[in-house]
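Peer 1: One structure, pasted below without further comment.
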Amino acid sequence: MPLSTIVNTFAGNPLNRASERRPDADWLKARRDDPDSLALALWNGKPLVEDAPGGYASAKNGAVRIAYISVPMARDIAASDERLLFMGLWKETAVFAVDLDGGADPAEGPLRGLGRFEDLRGVALRLPAADAGILATAKSMFEWRRKHSFCANCGQPSAAVDGGWKRVCAACRTEHFPRTDPVVIMLPTFGEKCLLGRQAVWPKGMYSALAGFLEPGESIEEACAREVKEEAGLTATEVRYHSTQPWPYPSSLMIGLFAEVSDDNAAPDQTELEEVRWFTRTEIQALLRGELSGVFAPGALAIAHQLIKAWAEN
C-alpha cells in the first residue's frame, strides 16, 4: 500500500529491500545459488523488457513488463559478481539486477529470445508502475557504481559489498554509499494564475515548472524560495508540499512544491530560463488537453506535469 495517494512514475518499488540481510555474505551467496531467484538486466542503462499479456510484439504503445532471467545466466553474462546488485525480496524470492555494457546488444547474443532492451524513459508509462519503480532503483544504483569505482578519498579502486549497496576502498578502508541528489521543483502561483518557464534547449513551445538542486545547509523551503528568486525574480511567501519522484537521470529525488509568491512581476534570469509566462487556470486546463496553440507541457511521466495538473484541478 502506498504511503501517499500521489505515487509518481518511478516511485512505488514494491520489493522488500531487506537491507538487514545485505551484510550477510553467506545469505546473499545462498540467494545467488538459489534456482528460484530472479534477475533483471540493464544494458547501457536500458532494461530488458518483454511484451505484457494483451500487448503485441514491437508495439509502439503496447504494454511491456520486466523480462526476468535466471541468476546463473545473469552471473554468466556479467562475468563478475561486481556487476550484480541485490534488489530485495518479492515475497520470499530474491531479486537481483545485472549491469551490462558494451557495443554488442546481449538480446542479439546470450539473451536472444528472452526480451529486448529499450530506453527506460521511453517505456516507463507502458510498464506496470511497480516495474518502473524497480527499474528506476536498479538504474540509479548502476549509475552510482560506474561513477564511484574509485575511492574519492585516496583514488584507489573500491569494491562492492553488502549486495552492491556499499563500496569499500581496500587501501584506506573508506566506505562509500549510494547518493541521491535532491531537487526542488516548484510551481509558482499568484492568485488564480501559475508561472511556467522554458529553457532555450527545450523543444519549441515547451513550458514547465521551475527547478533546481538543493544546496548544502538549505531547507527544502529555502531552496524553493532561492530558486524562484534566482530564476524568475519572485519572492516566495508560502511553500506547500505536493509529492516526490525518484528520477534515475542519474539519481535525483524530485521534491514537488507549490510556491505562492508576493507579486506577478516575473522576469527570466536568461541563464536558466529564457522565458517565463503566467497562465490562468483555464489556460492550464487547455494546455493539458493539448488545446493551447503553440505551447505544451511535459508529459505525464514527469512530476512537473503532475504539479501543473494538480493545480489545474484544485
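Peer 1: Take the Cα atoms of the chain, build their convex hull, and give its volume per residue in Å³.
Peer 2: Numbers: hull volume 52.6 nm³, N = 314.
It comes to 168 Å³ per residue, whole-number rounded.
Peer 1: Right, next: Based on the alpha-carbon gyration tensor of the stretch 146-200, what equivalent-ellipsoid semi-axes (square roots of 5 times the eigenvalues) come out, in whole Å, largest first?
Peer 2: 42, 12, 9
Peer 1: Still on this structure, I have one more. For the Cα atoms of the chain, what angle does the longest principal axis make with the long axis of helix 220-232, in degrees from 0 to 90, nearest 10?
Peer 2: Taking the Cα atoms of the chain, the angle to 220-232 is about 60 degrees.
Peer 1: Okay, moving on. Rounded, prolate or oblate: which fits the stretch 211-314 when a ≥ b ≥ c are the square roots of the eigenvalues of the alpha-carbon gyration tensor, with rounded for a/c under 1.5 and prolate only if a/b beats b/c?
Peer 2: Oblate shape, in that a/c is at least 1.5 and b/c is the bigger or equal ratio.
Peer 1: How much of the accessible area of the chain, in percent, comes from carbon and sulfur atoms when a 1.4 Å probe is used?
Peer 2: Details: 7890 of 15380 Å².
Using a 1.4 Å probe with all protein chains present, the chain comes out at 51 percent carbon and sulfur.
Peer 1: When the Karplus curve 6.51 cos²θ - 1.76 cosθ + 1.60 is applied with θ = phi - 60°, which whole-Hz ³J(HN,Hα) does each residue of the stretch 128-133 get, with x for Gly and Pro?
Peer 2: x, 4, 5, 5, 4, x
Peer 1: Still on this structure, please answer the following. Grab the other residues whose beta carbon is less than 15 angstrom from that of Q245, score K and R as +1, D and E as -1, and report the net.
Peer 2: +2
Peer 1: For the stretch 77-222, with the dipole built from +1 on Lys and Arg beta-carbon atoms and -1 on Asp and Glu ones, taken about the Cα centre, which of L84, I185, C151 lies farthest toward the positive end?
Peer 2: Value: L84.
Peer 1: Oh, and also: Taking a probe of 1.4 angstrom, what is the accessible area of T5 in Å², to the nearest 10?
Peer 2: Surface accessible to solvent at T5 totals approximately 140 Å².
Peer 1: Calculate the dipole size of the chain relative to its Cα centre from +1 charges on Lys and Arg beta carbons and -1 charges on Asp and Glu beta carbons; express the result in debye to the nearest 20.
Peer 2: 780 debye
Peer 1: At what distance in angstrom do the alpha carbon centres of the stretch 1-33 and the stretch 86-147 lie from each other?
Peer 2: Using only Cα atoms to place each centre, the spacing works out to 15 Å.
Peer 1: Run the quick spin-label model on E274 and F150: label points 7 Å from Cα toward the beta carbon, then report their separation in nm to one decimal.
Peer 2: 3.7 nm
Peer 1: Please identify which residues in the stretch 98-112 have an amide N closer than 13 Å to a label point set 7 Å out from the Cα of D76, following the Cα→Cβ vector.
Peer 2: 109-112
Peer 1: Here's something else I'd like to know. Would you be so kind as to identify which of C194, G12, T235 lies farthest towards the positive end of the dipole of the chain, taking Lys and Arg as +1 and Asp and Glu as -1 on Cβ and the Cα centre as origin?
Peer 2: The Cα lying farthest towards the positive end belongs to G12.
Peer 1: Ignoring ligands and nucleic acids, what accessible area does H242 show with a 1.4 Å probe (Å², nearest 10)?
Peer 2: My reading of the accessible area for H242 is about 30 Å².
Peer 1: For the stretch 88-169, what ratio Rg/Rh do Cα atoms give with a Kirkwood hydrodynamic radius?
Peer 2: Numbers: Rg = 15.3 Å, Rh = 15.0 Å.
Ratio of gyration radius to Kirkwood radius: 1.02.
Peer 1: Here is a further query. Dipole size in debye (nearest 20) for the stretch 199-290 around its Cα centre, Lys and Arg Cβ +1, Asp and Glu Cβ -1? Write down the numbers at each step before the final one.
Peer 2: On the way: 7 positive and 16 negative charges, 107 e Å.
Magnitude of the dipole: close to 520 debye.
Peer 1: Restricting the count to DSSP beta bridges whose residues both fall in the chain, what percent are antiparallel, rounded to a multiple of 5?
Peer 2: That works out to approximately 75 percent antiparallel.
Peer 1: With charges only on Cβ, +1 for K and R and -1 for D and E, what is the dipole size of the stretch 121-186 about its Cα centre, in debye, rounded to 20?
Peer 2: The dipole of the stretch 121-186 has a size of about 160 debye.
Peer 1: Next question. Accessible area per residue of the chain at 1.4 Å probe, in Å²?
Peer 2: On a per-residue basis, the chain sits at 49 Å².
The values are calculated or read from the model by the stated rules, or taken from the named source; none is laboratory data. Model, not experiment: these values are computed from the prediction. Glycine gets a Cβ as well: all are built from the backbone with ideal geometry, and neighbour counts include every protein chain shown. We work out accessible area using only protein heavy atoms, side chains counted, and drop any ligands, DNA or RNA first. Shrake-Rupley method; radii C 1.70, N 1.55, O 1.52, S 1.80 Å.
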